[in-house]
Structure formats: C-alpha cells, structure tokens
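**Q** Before anything else, here's the structure in question.
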Amino acid sequence: MSESSAIRVCEMGPRDGLQNEPEVVPLDAKVALVDALSEAGLPEIEVGSFVNPALVPRMADTAEVFRRIRRRTGTVYAALVPNQRGAEAALSAKAGKLSVFASASESFSRRNTNASIAETLDRFTPVFELARAEGLPIRAYLSCAFGCPDEGEIAPAVVARWGRELLDRGAGELDIADTIGVAVPVEVERVLEAVTAVGVEMSQLAMHFHDTRGTAIANAWTAIRRGVPALDSSCGGLGGCPFAPGASGNLATEDLLYLCERSRIATGVDAAGVASASRGLASCLGRGLPSRVLAATCAPVLDAPTRGSSQHHSDRGGANS
Ligand code: MG
C-alpha cells in the first residue's frame, strides 16, 4: 500500500457536527456555514440528515437548508438517510449523494436504530435501489468500528465482514468510523488489513475519526500513509461525543488541512476559508471550537493587522489571514 499524494476531505460539520452540539443552530446560520464551506472548495459536504424530526429535531430543517444553499460546481452535497422515506426526501431536496449508517456493534445497532445489524442493512435495500435509479453515489458508514460503548473492542474481522456486505449490497463507498474516538494507529492498520483481506479496494474506502482521546490526527495520518483516499472531518472540530459529554468532537478540518498542506498532500481546499467558516459559526454559538489549528491562528500574537505581517509568525500551512 502506498501513501496518497492527494486526498478528498469530506466535511461533516453541518451534519455530524451540529447534530451533536448542545446548541440549536438557526437555519440562516446553517445555510451560511454550508455556503462558506462550499466557497472554501470542499469537494464534499454532508449537509444534513432526513431522519425522524421527533427523534432528531436538530435536523428537522434539512430540506430547507438544501433549498437555500448556493451550490458550487465541484462540491458534492450529501444527505444521511436511514430508510426509503429519508431517501425520497433527499432526492426531492436534490442531494448529490446518499449516506446510510450501520454499526459494527450489534448492541450499538440495537440501541441506535432498534434493529440488528442485518435488519439495518435490509432497510437500505430500497435506498440503494432509489440511488441506483437516480444515478446517485452511496456512502455507507460503519460506526463503532474500533470500539463500542457497550461491547468494548470490536474485532477487525467483524468490521471486514459487515463492510464487505455493505459494498456487496450496493454501497459504492465504505466509511469506517471511530464513533467514540478510541482508536490508535496500530488499530487503524489492523482494520485496513482486515478489510483489504476480504477484497475491499482502497479506492472504496473513507475513514472517520473522532478526537475524544487526542488520537484523531495520528489515525488520519496512518490512513493517508496506507492509501485511504478520503477522510472525514468537521470544521472547527464540531461534533462532541454523545457518550463523553464535554469531549472533543470530530477530527477538525483545519487540523487535517494543516497536516496535509505541510506534508505536500493535495486537498484543493482553502484552509483560510474553512477557518473563516468556523469563526462565523463560533460567533453564532458564542464560544470557541476545539480545532487546535483554529485556536493557534486566533491567538493574539498571530492576530496581526495584515496578511504580510501575520505570515511572519504563522506557519505556512496556517489558516491565519
Ligand atoms: Mg462523527
């Protein structure tokens, strides 16, 4: 396996980020966030989810967000859907990609979707059929791939089994997710070895890390070195952890972009634009966000009045402007 010289950064902030933050973000702020992220050149943004609004009230305005955003050529606007009804709503909203969500942990699956893993996959059949008929790509998340709050460690062979099954049933992309932020790089390597051993191609993979224990950037680096072509991240590090209140959220987009830029790995994304999007949201929330790079570029010593003088202090990959 060889390291990537370019990766696709998939922005999770508007969906996985805002869904797991304590504040309810107004519709206008959501639209402004997606528009700012689009302008930063992100190739993929998960805009929201079409789930039961009684269960996930924060995502109840997803159709309206889709209606109002300015779509940029070159950005794919994805929607998370749990079933056929959600897929139909996503198609009406003109989503460009559908995401489904399964778990590698049987007990997490029952807790999260009230169904076994196998039953969850059965619910995806009409979703896959609708996507195929419309020519839309499908991403399948496999959550709790490194650990589950109920079951503890998850064996790489279990991840490989369900990942293989999701692709065989029609998903075009398998997104292996460390939902509770427990993974370390050696485990990333073991999981990648297990999924490639069952015939999954690197080109079919994405990975999704949480920074709950400070390991997200190390795991992302390991995935990149192993040839994973797509990494998920969230502007500002939005997203918290539903099982660890107060913990850091998703891998921050700013931190991933910094790593890539200084490592000469192309992303096509404007880091300053992402930082600007995060700052806009932070001011709406009235608090800071966990991204290390965002915090570093907001530090008073770097808050120079002009781009020229600030570059003297900041690293070349920094998002300060
Ligand atoms: Mg996440």
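**Q** For the chain, with the dipole built from +1 on Lys and Arg beta-carbon atoms and -1 on Asp and Glu ones, taken about the Cα centre, which of Gly181, Met207, Val65 lies farthest toward the positive end?
**A** Checked the options; the winner is Val65.
**Q** Give the angle, between 0 and 90 degrees and rounded to the nearest 10, that separates the Cα long axis of helix 156-168 from the longest principal axis of the Cα atoms of the chain.
**A** 80
**Q** First select every other residue whose beta carbon is under 9 angstrom from the beta carbon of Phe209; then total the charges, Lys and Arg +1, Asp and Glu -1.
**A** On the way: positive: none; negative: Asp178, Asp211, Asp232.
Spelling it out: positives minus negatives among the neighbours equals -3.
**Q** Same structure again: Tilt of helix 185-197 relative to the longest C-alpha principal axis of the chain, in degrees (0 to 90, nearest 10)?
**A** Once rounded, the angle reads 40 degrees.
**Q** Moving on to the next point. Could you work out the helix-only [θ] at 222 nm for the chain, with each DSSP H run of four or more residues adding -39,500 (n - 2.57) and the total divided by the number of residues, to the nearest 500 deg cm²/dmol?
**A** Details: 12 runs with 130 residues, N = 321.
Counting only the DSSP helices, I get -12000 deg cm²/dmol.
**Q** How large is the charge dipole for segment 1-136, taken about the Cα centre, if only the Cβ atoms of Lys, Arg (+1) and Asp, Glu (-1) carry charge, to the nearest 20 debye?
**A** Numbers: 16 positive and 18 negative charges, 57 e Å.
Computed about the Cα centre, the dipole is about 280 debye.
**Q** Only residues of segment 100-132 count here: report those whose backbone N is under 16 Å from the spot 7 Å along Cα→Cβ of Ala155, or say none.
**A** Inside the label zone: 104-107.
**Q** If you roll a 1.4 Å probe over segment 8-319 with all protein chains in place, what percent of the accessible area is carbon or sulfur? All intermediate terms of the calculation are to be shown ahead of the outcome.
**A** Details: 6450 of 12570 Å².
Roughly 51 percent of what the probe reaches on segment 8-319 is carbon or sulfur.
**Q** So what's the angle, to the nearest 10 degrees on a 0 to 90 scale, between helix 216-225 and the longest Cα principal axis of the chain?
**A** Between the helix axis and the principal axis of the chain, the angle is about 70 degrees.
**Q** Placing +1 at every Lys and Arg Cβ and -1 at every Asp and Glu Cβ, with all other atoms neutral, what dipole size does the chain have around its Cα centre, in debye to the nearest 20?
**A** Details: 31 positive and 38 negative charges, 118 e Å.
It works out to roughly 560 debye.
**Q** Any idea which of Leu256, Ser107, Gly280 is furthest toward the positive side of the dipole for the chain, if Lys and Arg beta-carbons carry +1 and Asp and Glu beta-carbons -1?
**A** Gly280
**Q** Considering only protein heavy atoms, what per residue accessible area in square angstrom results for segment 1-132 with a 1.4 angstrom probe?
**A** On the way: 5660 Å² over 132 residues.
The answer is 43 Å² per residue.
**Q** Further question on the same structure: Going by average Cβ neighbours within 10 Å, how do the peptides 31-44, 51-64, 194-207 rank, with the highest at the top? Walk me through the intermediate numbers first.
**A** Working: 31-44: 22.1, 51-64: 16.2, 194-207: 18.0.
Descending packing order for the listed peptides: 31-44, 194-207, 51-64.
The values are calculated or read from the model by the stated rules, or taken from the named source; none is laboratory data. Because the structure is predicted, anything quoted here is derived from the model rather than measured. Backbone-built Cβ (ideal geometry, glycine too); neighbour counts: all protein chains shown. Each accessible area value is taken on the protein alone, full model and side chains, heavy atoms only, with ligands, DNA and RNA left out. Shrake-Rupley method; radii C 1.70, N 1.55, O 1.52, S 1.80 Å.
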